[in-house]
Amino acid sequence: MRAKNSATGTTAIAVPPSTARIGAGGGGRAATARQDRGAPGGRGTLLASLGVVAFSLTFPATAWGLESFGPWSLVAVRSVLAAVIAGGFLLARRIPLPAREHWAGLAVVAAGVVVGFPLLTTLALRTSTTSHAAVVVGLLPLTTAVTAALRTGVRPSVRFWAAAVAGALVVLGFTLGGSGGSLTAGDGYLFAALLVCAAGYTEGGRLARFMPGWQVIGWALVLCLPLALAGSVLGLAHEPVHLTGRGLAGLVWVAAGSTFLGLYVWYRGMAEIGAPRASQLQLAQPLLTLVWSVALLGEHLTPAAPVAACAVLVCIAFTQRVK
């Protein structure tokens, strides 16, 4: 999945999926120029908004997918489907192979965004509700900003760090309060997912200076195809499969909707309206996931969930204004 982003520059916001967005770039030098100008565009806003909606459905779709597949086979099969779609798209548009020096970075993106984040969040959703996971993973933009600062040597202001720490404390308090004062295994998976995805987003942000962001995730998916194929064979052989309509719909969505289509429209929109404007749109993503968790899964929200999500939203918005 900005998963980003499942997308992101060093501070752009996204919670992927799965995945996610992985770079602030949207299309070479011309796109970078458009981002720097931050020119408004109705089409760009619509495309970026559609990306946010796609990302917000990732956790509910994963919960559906787990009704039919085990966590390992679900992640492996979704990666295979997404890689086939991405590879076909890259081939149809005759996109040349990335330069040799970029493959190591693509491997980091693949490990964090294509494999690590989807697998860890899927394992977490076996015991955690989607609403709980949405609040915890809502911290991803701040985690990405911290990782990017460490990776690039950028020194944000004290107020930026204060907002980041405040957001982390809100999520930690929400997590501990919801589990009787101790962290569960699901929480461990979610916090680990934050770290690996932030690393993938940060490296993707660097690569997005050299190629459009959707190509970064596309090549990362293709790079993982051999591993995903092997994982699918092993997973399907050792985990039970009970095919249902909801389970198949969940698989199709996390593969085609969140991982590929969501990232594609997100990056196209970001290229037109700029990363800062697009980032503000994605502030609504955790709250949208809470809505989907109630509407699609019938979950009952605790009063703390929307309060914590809004508090994290405020912290993220503050970090977007003070660098």
Rounded to the nearest Å, what's the spacing between the alpha carbon centres of region 44-123 and region 233-247? Just the number, please.
-> 19 Å
Leaving out ligands, DNA and RNA, what percent of the accessible area of region 120-195 is carbon and sulfur, probe 1.4 Å?
-> 67 percent
Under a no-solvent Debye model with one identical scatterer per Cα of region 87-237, what's log10 I(q)/I(0) at q = 0.13, 0.21 Å⁻¹?
-> -0.70, -1.26
Going by average Cβ neighbours within 10 Å, how do the peptides 116-126, 99-109 rank, with the highest at the top?
-> 116-126, 99-109
Any chance you could look up the accessible area of His242 with a 1.4 Å probe, heavy atoms only, rounded to 10 Å²?
-> 120 Å²
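The values are calculated or read from the model by the stated rules, or taken from the named source; none is laboratory data. Predicted, not measured: the structure shown is a model, and the values here were computed from it. Glycine also receives a Cβ, built like all others from the backbone with ideal geometry; neighbour counts cover every protein chain displayed. In case anyone asks, the SASA skips ligands and DNA or RNA and just uses the protein heavy atoms, side chains included. Shrake-Rupley method; radii C 1.70, N 1.55, O 1.52, S 1.80 Å.
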